Amino acid sequence: MTSSSSIAVRELPLFPLPEVVLFPGRPLPLHIFEFRYRIMMNTILDSDRRFGVLMWDQVQGKPATVGCCAEIIQFQRLPDDRMKILTLGQQRFRVLEYVREKPYRVGLVEWIEDHPPTKNLKPLAQDVAQLLQDVVRLSSKLTEQEIVLPETIPDLPIELSYWIASNLYGVAEEQQALLEMQDTAARLEREAEILISTRNHLAARTVLKDTLEDTL
């Protein structure tokens, strides 16, 4: 993963997306069809292939101020100049100001990173990984379908925190809050809370399912 100084500032084309939060190290496939974003992608492909992904806040009617840089790693041109692209999340950034709105947004951004940890985070990361295993095991039992976690799940605390955050579904605002955190321990602790709540919910449903089956 590319790292940059937290004080580095640059202009970055910006791509707001509703209900989508990109995290460092995570893939994001996109289908580009709007004219302004076709212009953006053609311009980006002639430069460093990087742009910023921001979650569009539908309540406030504006993009979030913290997002993640995406790098185009594969692309396919379709008829009418549409594109299918595969991107990979790189550094997080904060928008300082907009320097242009048309034909697409361009912002002046600064890179942000997590603060150096003040304690060993491996035990916390291992606890969170175990909670994830518990959730998968209970989900498999409840649905009677085998669910297997990929072998590529990171074990480094910060990368694990990004992986888990990126795989939360239907909670874009929660994902955005996790993206904005600059404390790895706090991010993992919040994810532990989410996984514990999910585990307890699944465990209760499993007990109810088993009880109902025993009575039939």
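The values are calculated or read from the model by the stated rules, or taken from the named source; none is laboratory data. The structure displayed is predicted, hence computed values, not measured ones. Using ideal geometry, Cβ is built from the backbone for each residue, glycine included, and neighbour counts are taken over all protein chains shown. Heavy atoms of the whole protein, side chains included, go into the accessibility calculation; ligands, DNA and RNA do not. Shrake-Rupley method; radii C 1.70, N 1.55, O 1.52, S 1.80 Å.
So the values come out like this:
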item	result
Residue match in region 41-48 (condition: in contact (Cβ under 8 Å) with a residue 60 or more places away in the chain and either under 18 Å from Ser161 (Cα atoms) or surrounded by 14 or more Cβ atoms within 10 Å (Cβ to Cβ) (or both))	no
Leu108 being farther than 21 Å from Ser166 by Cα, assigned to a strand (DSSP E or B) and either open to solvent by less than 70 Å² (accessible area, probe 1.4 Å) or in contact (Cβ under 8 Å) with a residue 40 or more places away in the chain (or both)	yes
Single residue of region 130-148 satisfying the filter (without any contact (Cβ under 8 Å) to a residue 60 or more places away in the chain and open to solvent by less than 40 Å² (accessible area, probe 1.4 Å)) that is nearest to Glu191 (Cα to Cα)	Val136
Neighbours by Cβ (under 9 Å, 6+ apart or cross-chain): first from region 50-65, of a type in the set (S, T, N, Q); second in a loop (DSSP other than H, G, I, E, B) and surrounded by fewer than 16 Cβ atoms within 10 Å (Cβ to Cβ)	Gln58/Glu19
Residue ID - nearest to Pro63 (Cα to Cα), chosen from residues in region 157-170 that are at pLDDT below 95 and open to solvent by 60 Å² or more (accessible area, probe 1.4 Å)	Gly170
Failed criterion for Thr152 (all others in (1) touching a Leu at 6+ places or on another chain (Cβ under 6 Å); (2) loosely packed, with under 13 Cβ neighbours inside 10 Å; (3) among the hydroxyl-bearing types (Ser, Thr, Tyr) hold)	(1)
Considering residues of region 50-74 that are open to solvent by 70 Å² or more (accessible area, probe 1.4 Å) and either at pLDDT 95 or above or among the small types (Gly, Ala, Ser) (or both) only, the residue farthest from Pro27 (Cα to Cα)	Thr65
Unmet requirement for Asp80, which otherwise passes all of (1) open to solvent by less than 40 Å² (accessible area, probe 1.4 Å); (2) part of a helix (DSSP H, G or I)	(1)
Criterion violated by Val99 - all others in (1) over 23 Å from Thr152 (Cα atoms); (2) of a type in the set (A, V, I, L, M, F, W, C); (3) in a loop (DSSP other than H, G, I, E, B) satisfied	(3)
